[in-house]
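The values are calculated or read from the model by the stated rules, or taken from the named source; none is laboratory data. Keep in mind the model is a prediction, meaning the values are calculated, not measured. Positions of Cβ are generated from backbone atoms using ideal geometry, with glycine treated the same way; all protein chains shown enter the neighbour counts. Accessible surface areas use protein heavy atoms only, side chains included; no ligands, DNA or RNA. Shrake-Rupley method; radii C 1.70, N 1.55, O 1.52, S 1.80 Å.
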Amino acid sequence: MGYETLRYEVDGDGILLLTLSRPEHMNAFTVQMCEELVAAYARASVDDAVRAVIVTGEGRAFCAGMDLSRPGNVFGLDESLRPTMTDLRDRLDDPEIHQGVRDTGGRVAMAMLGCLKPIVGAVNGAAVGIGSTMLLPMDFRFASEKARFGFVFGKLGITPEACSTWFLPRLVGMEQALEWFYRAEIFDAAEALAKGLVRRICASETLVEEARAFALSLVKDRSPVSIGMIRQMTWRNSAYSTPLDAHLVESLSMFYTSIGDGKEGVAAFLEKRAPEFAGRASAMPPFYPW
């Protein structure tokens, strides 16, 4: 498909560079960008040419937040509705709820969570509001020294979105998450690194290449099925209330991978050669999704 707010570029090593591309608006988020990101992550998940995903922004910003210049409800919500929690639980995919009530950032976050490929952020500049919260479902975050972050929702009289109240405490702890939410201030890359939001600060000119090299190191000579299952199991199983639930999933995953790419992996290990895995993320084990 074609994109108007993104670029989708896959290199010869299977690294997808997904670039937010509204540079004249500092890559501000729109409903259209939401739809295109959801579609892009779904595409990448089953695109066997893609091994890992890097997300960055075009120009001097990563994403400056929601485009607040749009007419009407700037978040794309239907103000004529008065939805309830029952509506959301029972009618989540009803077009009226899907388009008129559901948080667009949350729809992107759920698409990212469901992706079978590792996601690495390369934050090249301002990442504010949804620009910060869309980073949280990524597996790793690299930042330019020019990067700036901010969970600024309190300043606007609104509340956090994009499932950030689930993700952020898991990344930086409850106390730090609450401080950033309450203060609603902009902070720099050094603070993001010190508090555990980003993994590394890079020079602007090497940011994407460092993120690319790191992403490639995760997936080179690895089974796409194994990588996809590891990503889904680690994010989801860690939220279960008991390790027994993780054990159930891991048992089925071990069973099906052991009779799939596991056979080639064991043979390659014994023969002291690089493996040639045949498994594809577009053909996951039969119990997935569980």
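Results, tabulated for the structure shown:
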item	result
Answer residue from segment 1-35, given it is assigned to a strand (DSSP E or B) and aliphatic (A, V, I, L, M) and is surrounded by the fewest Cβ atoms within 10 Å (Cβ to Cβ) among those	V10
Cβ-Cβ under 8 Å pairs, at least 6 apart or on other chains, segment 218-244 side on the phi > 0 side of the Ramachandran plot, far side open to solvent by 30 Å² or more (accessible area, probe 1.4 Å)	D221/A274; D221/P275
Qualifying residue in segment 85-93 (condition: within 24 Å of I201 (Cα to Cα) and either surrounded by 18 or more Cβ atoms within 10 Å (Cβ to Cβ) or free of Cβ contacts under 8 Å to residues at least 12 places away in the same chain (or both))	no
Qualifying residue in segment 269-280 (condition: touching a residue at least 40 places away in the same chain (Cβ under 8 Å), over 21 Å from G114 (Cα atoms) and surrounded by 13 or more Cβ atoms within 10 Å (Cβ to Cβ))	yes
Enumeration of residues in segment 58-76 that are open to solvent by 10 Å² or more (accessible area, probe 1.4 Å) and not in a loop (DSSP other than H, G, I, E, B)	M66
Answer from S223, S253 - the residue that is farther than 29 Å from F62 by Cα, of a type outside the set (D, E), surrounded by 15 or more Cβ atoms within 10 Å (Cβ to Cβ) and in contact with an Asp or Glu (Cβ under 6 Å, 6 or more places away or on another chain)	S223
Candidates A211, A215 - the one that is open to solvent by less than 30 Å² (accessible area, probe 1.4 Å), hydrophobic (A, V, I, L, M, F, W, C), touching a Phe, Trp or Tyr at 6+ places or on another chain (Cβ under 6 Å) and in contact (Cβ under 8 Å) with a residue 40 or more places away in the chain	A211
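Residue-by-condition table, conditions (1) polar (S, T, N, Q); (2) out of contact with any Phe, Trp or Tyr (no Cβ under 7 Å at 6 or more places or on another chain); (3) open to solvent by less than 50 Å² (accessible area, probe 1.4 Å); (4) at pLDDT below 95:
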position	(1), (2), (3), (4)
I201	no, yes, no, no
N237	yes, yes, yes, no
T257	yes, yes, yes, no
G260	no, yes, yes, no
A267	no, yes, yes, no
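Every residue, every condition in (1) assigned to a loop (DSSP other than H, G, I, E, B); (2) within 28 Å of G228 (Cβ to Cβ); (3) open to solvent by 10 Å² or more (accessible area, probe 1.4 Å), yes or no:
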| residue | (1), (2), (3) |
| --- | --- |
| A111 | no, yes, yes |
| P137 | yes, yes, no |
| G154 | no, no, yes |
| P160 | yes, no, yes |
| R170 | no, yes, yes |
| E191 | no, no, yes |
